[in-house]
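Engineer: If you scroll down you'll find the structure; I have some questions about it.
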Amino acid sequence: MDFAKRICNLAAIPGITGDEFRIAEAAADCMRKYLSNVSIDSFGNVVGWKYSTKENAPTILLDAHIDQIGYMINEIDETGFLHFIAMGVDQRTMLGSKVRVLTEQGHLDGVICSIPPQLQKAEDKFSVPAEDTMVVDIGLSGEAARSQVRVGDYMVYAEETEALSDKIICGKALDDRACLVSILYAMELLDEEDLDCNIAVVASTKEEQGSQGALRAAWRFHPDFAIAVDVCHAHTCDSTPADGVHKMTGGPVIGVGSNSRPRIASHACQLAERKQIPAQMMGIPASSGTNAWNMQLSYSGITTLVVSIPLNYMHTCVEMMHLADIVNTGKLLAKICRNYSEVWQKEVL
């Protein structure tokens, strides 16, 4: 698998929470190479299956969300400027960003306006403007803007996701498109193998605004065990251990706590060590902030595990990952599925 190319292609496709159907079609095309019965439900969730031939085989659900952060237009003023609502975006990074407005007629590029330093007041130099004071300039008059843009249109960052080197990838929507690629790699490693469990791979929607997609999938398929694959914060030069960050190139981060069952997490760490896959641990005393939270509470309760990939600059247009962590996460997921009956089933039931 060409990891960088696959991730960059997926990241380039708009899929803001609530409007994921374009990315859902692309995810479905990727999944069909490794899985059967691939389908898209009315929520936009993409589901594919790897079935076991064993009778009454349990089911593992592997989840990665496909929605991304972005914006929604909530006003087009008489001068042609667009006002917006941010959806999960780091407010400090908005000013001066190039954005793309997704309209029924196509897309329009614009910029989030920024007052030049020479024109700023003294107090402006040390503060971040309030979101409701920011506007987007698409270079059109009020009449022209209103003829093409409507309230409710979505807007995404226009910057491309790209490989900075043969090891580092940087750009928008790595959260969580890269995690879907790690799951697909696991399926590639398990190709042609008859496992002791069924695997349901879910590319879920609406995670950034409440995890409703994963909640529906968990209710619909009622798996015996579910793994949420998401991102966590990686070390930066200014971070400290108290920030709860993890080493980039240190491998997948296995959560442990009420939302990521401790005994299961322990088995996952032992499995990684035994198979010489680098891995790290993360304490999660309450909600993990991932789809595991809603999946755990679905139906009569589902055993969950959180596996995360270290990421820098989360919820910006310059998210950064190391390809080795994506690869090793896929390897760990494959080992978990392959060793289900040996290590996991007695713990899950």
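The values are calculated or read from the model by the stated rules, or taken from the named source; none is laboratory data. Keep in mind it's a predicted model, so treat the numbers as computed, not measured. Every residue, glycine as well, gets a Cβ built from its backbone with ideal geometry; the counts of neighbours run over all protein chains shown. All accessible areas refer to the heavy atoms of the entire protein, side chains included, with ligands and DNA or RNA removed. Shrake-Rupley method; radii C 1.70, N 1.55, O 1.52, S 1.80 Å.
Engineer: Would you please list the contacts, defined by Cβ atoms under 6 Å and residues six or more apart or on different chains, that run from a residue in region 7-20 that is under 15 Å from Y154 (Cβ atoms) to a residue that is open to solvent by less than 10 Å² (accessible area, probe 1.4 Å) and assigned to a loop (DSSP other than H, G, I, E, B)?
Structural biologist: G15/I66; G15/D67; T17/D67; E20/G44; E20/I66; E20/D67; E20/T205
Engineer: Also: Against the condition more than 25 Å from D67 (Cβ to Cβ) and touching a residue at least 12 places away in the same chain (Cβ under 8 Å), how does M281 come out, does it pass?
Structural biologist: Answer is yes for this residue.
Engineer: Moving on. Could you say whether any residue in region 8-28 is surrounded by fewer than 16 Cβ atoms within 10 Å (Cβ to Cβ) and assigned to a loop (DSSP other than H, G, I, E, B)?
Structural biologist: Within region 8-28, not a single residue is surrounded by fewer than 16 Cβ atoms within 10 Å (Cβ to Cβ) and assigned to a loop (DSSP other than H, G, I, E, B).
Engineer: Which residues, taken from region 208-225, are among the aliphatic types (A, V, I, L, M) and open to solvent by 10 Å² or more (accessible area, probe 1.4 Å)?
Structural biologist: Matches in region 208-225: L215 only.
Engineer: Residue check: is T205 β-branched (V, I, T) and surrounded by fewer than 24 Cβ atoms within 10 Å (Cβ to Cβ)?
Structural biologist: In short, no.
Engineer: Of all residues in region 80-106, which are free of Cβ contacts under 8 Å to residues at least 40 places away in the same chain and open to solvent by 40 Å² or more (accessible area, probe 1.4 Å)?
Structural biologist: Residues satisfying the conditions are R92, L95, G96.
Engineer: To continue, here is another question. Name the residue that is farthest from the chain's Cα centre (by Cα), counting only residues in region 132-159 that are under 16 Å from T93 (Cα atoms) and charged (D, E, K, R).
Structural biologist: My answer is D132.
Engineer: Just to be sure, is L184 in contact with a Leu (Cβ under 8 Å, 6 or more places away or on another chain), among the aliphatic types (A, V, I, L, M), under 18 Å from A4 (Cβ atoms) and crowded, with 24+ Cβ neighbours inside 10 Å?
Structural biologist: no
Engineer: Looking at this structure, is R100 modelled with pLDDT of 95 or more, of a type in the set (D, E, K, R) and over 30 Å from A226 (Cα atoms)?
Structural biologist: Taking the combined requirement at face value, the residue satisfies it.
Engineer: Continuing with this model, one more query. Go through region 80-112 and count every residue that is under 23 Å from the mean Cα position of the chain (by Cα), part of a strand (DSSP E or B) and over 11 Å from V156 (Cβ atoms).
Structural biologist: Within region 80-112, residues that are under 23 Å from the mean Cα position of the chain (by Cα), part of a strand (DSSP E or B) and over 11 Å from V156 (Cβ atoms) number 3.
Engineer: A follow-up question, please. What strands (runs of 3 or more DSSP E) completely inside region 35-79 contain at least 1 residues that are of a type in the set (A, V, I, L, M, F, W, C) and open to solvent by 10 Å² or more (accessible area, probe 1.4 Å)?
Structural biologist: 36-40, 46-50, 70-76
Engineer: For region 1-15, what are the residues that are in contact with a Leu (Cβ under 8 Å, 6 or more places away or on another chain) and closer than 19 Å to E160 by Cβ?
Structural biologist: Listed by number, the residues that qualify are F3, A4, R6, I7, L10, A11, P14.
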